Amino acid sequence: MPSLYVGIMSGTSLDGIDITLSRFRDPHQAECLDALCVPMPADLRQQLLDLCSPSSDELYQAGIAGNAWARLAAEGVQQLLNQNPVCREQVRAIGSHGQTVRHHPDQGFSLQVGAPSLLAELTAIDVIADFRSRDLAAGGEGAPLVPAFHQWLLTSPTQTRTLVNIGGFANLTILRPGQTAAGFDSGPGNALMDNWAQRHIGTPYDADGDWASQGQAHQVLLDRMLADPYFARTGPKSTGREYFHEAWLAAHLKHTPGVSAVDVQATLATLTATTIADSLQQVARDTNELYICGGGARNAHLMRLLQQRLPAQKVQSTDALGVSPDWMEAMAFAWLAWRFDQRLPGNLPSVTGAQGERILGALYPA
């Protein structure tokens, strides 16, 4: 029986830790046997969120938060194994992304906390982590990394497909038959909308985009945000909370006073949909099939906005391809662990801008 791999992903939305149990076979076969999400405790979420901005005693705070993240992830791994008829020895490795707290590709670094040595000790399974550093060392952006998995698993022999992962931020993968994939971060996904919903309606996120659907996009505010230079750049490019944060939104709101909270939410949803659609029109007009994964695939309002802006394509989730949009990223990091185990490259220079393919990750033995 092929070895099993656990994938762990904790994204910029900071809502939980996604964990998958998967097996991979050449050529291009992946099976997600089971998956779960461990909710992020409010205190840990705040600790990790605080680390995304400069503060005092950051090294200590990062160490404490990283250990707490690893303990929570280890509990999730144990729960996942307990609910499946597999033994620990069948799991070859864990691919752990950790939690990104700083991403500065222009300075050549991206920092994820997650204490992989502690995770290996707690689970008694080898851990592969630190996936982004080698791509950055080779001159790449270190992100997005998931397009390599998309290319390996989901390329069509006849149709151009575009996959859009909408987590806290959104990234595109363009898959053309017989060609290396292209891709980049288009801009904000759910992060700004989540922050605004937490602030104004007291919920972790705007479920199904129901609140945004009650407002109207404010055109002047939208135009100001769309004028940001990031959206005019071509890929490779990546972004995160270091760039698109609450202060970025506040600076635009300062110039458009009087916009209601619900209309701001509607405008943020429109910003996400518009920047995704504009990116696709710029680089992948030949797209025949469009698939969405990540939390955004569960936002009915956002999916409607995308369909309105891309009438020539049918907007659907990756469920249609047999891959749950909820577990795509965690599966990708299980796959990266498998690639590391096989001593095979895990990045796409065409996406990240790295100087050649690299085996990504570092081994933390159990």
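The values are calculated or read from the model by the stated rules, or taken from the named source; none is laboratory data. As the structure is a computational prediction, the values presented were derived from the model and not from experiment. Reconstructed Cβ throughout: ideal geometry from the backbone, glycine too, with neighbour counts over all protein chains shown. Heavy atoms of the whole protein, side chains included, go into the accessibility calculation; ligands, DNA and RNA do not. Shrake-Rupley method; radii C 1.70, N 1.55, O 1.52, S 1.80 Å.
Structure values in brief
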| item | result |
| --- | --- |
| In sequence order, calculated HN-Hα J values of region 195-202 (Karplus, 6.51, -1.76, 1.60; Hz; x Gly/Pro) | 4, 5, 5, 4, 6, 10, 10, x |
| Amide proton proximity set for Ile201, modelled H, under 5 Å, gap of 5+ | none |
| Calculated on alpha-carbon atoms, Rg and Dmax of region 134-183 in Å | 11.6, 35 |
| Summed side-chain charge close to Ala269 - residues other than Ala269 whose Cβ falls under 14 Å, Lys, Arg +1, Asp, Glu -1 | -2 |
| Solvent accessible area, Å² - Thr155, 1.4 Å probe, full protein context | 50 Å² |
| Sequence of Val86, Val264 from largest to smallest accessible area, 1.4 Å probe | Val86, Val264 |
| For the chain, radius of gyration divided by Kirkwood radius, i.e. Rg to Rh on alpha-carbons | 0.95 |
| Cβ-Cβ FRET estimate between Asn84 and Ala366, R0 fixed at 22 Å, reported to 0.05 | 0.70 |
| Region 310-347: trypsin sites (Lys or Arg not before Pro) in DSSP loop, at most 14 other beta carbons within 10 Å | Lys314, Arg343 |
| Ranked by how many other beta carbons lie within 10 Å on average, peptides 205-213, 282-290 from highest | 205-213, 282-290 |
| Base-10 log of normalised Debye intensity for region 1-146 (one unit scatterer per alpha-carbon) at q = 0.10, 0.14, 0.20, 0.21 Å⁻¹ | -0.36, -0.69, -1.26, -1.34 |
| Gain on full stretching of the segment that runs from Gln107 to Lys314 - 0.36 nm per residue minus C-alpha separation | 70.7 nm |
| Cα gyration tensor of region 278-360 - equivalent ellipsoid semi-axes, whole Å, descending | 28, 18, 10 |
| DSSP-loop trypsin sites (Lys or Arg not before Pro) across region 165-263, with at most 11 other Cβ within 10 angstrom | Arg233 |
| The chain - charge dipole about Cα centre, Lys and Arg +1 at Cβ, Asp and Glu -1, debye rounded to 20 | 700 debye |
| Net lengthening on full extension, Leu226/Gln29 (0.36 nm per residue, minus Cα-Cα) | 67.0 nm |
| Two-site FRET efficiency, Glu246 against Gln219, from Cβ-Cβ distance with R₀ of 22 Å, rounded to 0.05 | 0.50 |
| Degrees, to the nearest 10: 261-283 long Cα axis against longest axis of the chain | 70 degrees |
| Dimensions in Å of region 93-209 - Rg and Dmax from alpha carbons | 17.0, 48 |
| Cβ-based net charge around Asn299, under 15 Å, with every Lys or Arg adding one and every Asp or Glu removing one | -4 |
| Arg358 - accessible surface, heavy atoms, 1.4 Å probe, Å² rounded to 10 | 60 Å² |
| Accessible surface, the chain, averaged per residue in Å² (probe 1.4 Å) | 41 Å² |
| Stokes-Einstein D for region 65-159, Kirkwood Rh over Cα pairs, 20 °C, 1.002 mPa s (µm²/s) | 142 µm²/s |
| Size-normalised alpha-carbon gyration radius of region 142-271, reference 2.2 N^0.38 Å | 1.18 |
| For region 61-196, size of Cβ-based charge dipole, Lys and Arg +1, Asp and Glu -1, in debye | 240 debye |
| Pairwise Cα inverse-distance average, inverted: Kirkwood Rh of region 219-366 (Å) | 18.1 Å |
| Cubic angstrom per residue, convex hull over Cα atoms of region 82-137 | 91 Å³ |
| Accessible-area ranking of Trp196, Trp69, largest first, probe 1.4 Å | Trp196, Trp69 |
| Scattering profile of region 10-56 at q = 0.17, 0.22, 0.27, 0.30 Å⁻¹ [log10 I(q)/I(0), Debye over alpha-carbon scatterers] | -0.63, -0.78, -0.96, -1.05 |
